[in-house]
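Only one structure is covered here, and it is reproduced in the block below.
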Amino acid sequence: MIKNLLKKENEYVQEDIPRSDLPRIILFTGKGGVGKTTIAAATAIKISELGKKTLIISTDPAHSLSDSFDVELMATPTKIKQKLYGMEVNVEYELERHWETIKDYLTLFFKSQGIDDVVAEELAIFPGFDELASLLHLLEFYQKREYDLIILDCAPTGETLRLLSVPEIARWYMNRFFGIEKRLLKIVKPIAEPLIDLPLPSEEVLDKIQDLYSRIGLLKEILESPQTTVRLVMNPEKMVIKESERAFTYLNLFGYRVDCIIINKVLPADAGEYFKKWIEIQREYLKDIDDRFPVPKFMLTFKSEEVVGEKLASIANEIYGDKDPSEVFTISKPMRIEKDEDGGLILLLRAPFVNKSQLKVLKRGEELIIIAGQWKRILYLPQSLAMRDPVSAKFMSGELKIKFR
Ligand SMILES: Nc1ncnc2c1ncn2[C@@H]1O[C@H](COP(=O)(O)OP(=O)(O)OP(=O)(O)O)[C@@H](O)[C@H]1O
Ligand SMILES: [Mg+2]
């Protein structure tokens, strides 16, 4: 069994207990074409069959979720089967709903600065808003508590990372751009407006901004809660592993919790003579995946045909076995970065069972290789660390502290 190649799950310690009174959110991401939509759909089916009212949301404009379920999904929740609902976000519509008033003001503002009409309109849509719109949807269903569980089928990793940093960026943007005290503005506006050449935002615009700002704050809280986890889908292939590693590092840094990874399109051992070499190659990559992703792993074999419609139910069983897919498989954060008093950076890694007498830390380009006897971790370094060198490594209370300068 390939599964035996992978580390035992008890290596991954649970930290705090997730709150069961809040809806659970699972985000699926991974490189393009690895099987995100297929696995998100299969997971949703299985969870709904276990009795939880589930909503699956797709942010993909290509409408692949409809194809996967073989059901036409709308921009509002459509019933797929008992306890299972699906929807595909309509970005245009969302943009209008949340941003229109603010956009009108910004257009006016940019025009007052002598910017061409058409360009002003484009500028008034701040970068990443289309992605933000689909996340705001999440908030709505979350607050209504209509569903026990919400699954988000996200865009490929690069875009998802951007999406997940949007709440942070949006808050910053709004702070900078609209960092005008509302009360003060009310007093100043009638006097100032005729004198200066700038249109000042109306109270309605300010209210809208305030509202959006607090929604974004709430969204951030939800995404960072232990009830929300990300599942990275990947294939045992070089380029896919590379991109997934980068995503894994950044997800951890942004404070998101990857509770498991799902390795898809694994060739079964009996795939035949023609695939013999491929099976060997995949075996190597599976070991590699094991060294690089310190979270529980699930697998799905490569099927002889497309996995859509009725076939989805059976693949969830293959992936999760007798486990409930809505479980939070691990909420421990495997890495974080702290600042040192003397300006250095410290990388803290969860490293169970490391014997410090055997510890070896090597840096190779953007990778950090940590070897301690049988235990090995390869880590993709974020830019802030890749530019520095590791100077010391200490092992303290289950954590490895590596100092960079
Ligand atoms: N285990 C598998 N065996 C065989 N075919 C699979 C398997 N998993 C997914 N597929 C097929 O691979 C194709 C891509 O899958 P899917 O659309 O789920 O990927 P995706 O990661 O969502 O892609 P995108 O990045 O375009 O959103 C589909 O045709 C799907 O049926
Ligand atoms: Mg997809």
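Computed from the coordinates by the stated procedures, all read-outs in this text should not be read as laboratory data. All values reported here derive from a predicted model rather than from experimental measurement. For neighbour counting, all protein chains shown are included, and Cβ atoms are generated from backbone atoms with ideal geometry for every residue, glycine included.
Here are a few things to note about the model shown:
- Linear extension gain, E399 paired with L108, 0.36 nm per residue minus alpha-carbon span: 99.4 nm
- Computed lengthening from K311 to E203, 0.36 nm per intervening residue step minus Cα-Cα distance: 33.5 nm
- A crude spin-label estimate for the pair K339 and R283, with each label 7 Å from Cα along the Cβ direction, gives 5.0 nm.
- Förster radius 51 Å - calculated FRET efficiency between Q210 and Y274 (Cβ-Cβ, nearest 0.05): 0.25
- Given K53/K297; K52/K81; K265/K287; K31/K360; K53/K144; K36/K83, the pairs whose alpha carbons are separated by over 23 Å: K53/K297; K31/K360
- Phi-derived couplings, Karplus 6.51 cos²θ - 1.76 cosθ + 1.60 at θ = phi - 60°, listed residue by residue for the stretch 203-219: 5, 4, 5, 4, 4, 4, 5, 4, 5, 5, 4, 6, 4, 5, x, 5, 4 Hz, with x used for Gly and Pro.
- Applying 0.36 nm per residue to the separation of E122 and E146 and subtracting their alpha-carbon distance, the gain on full extension is 5.1 nm.
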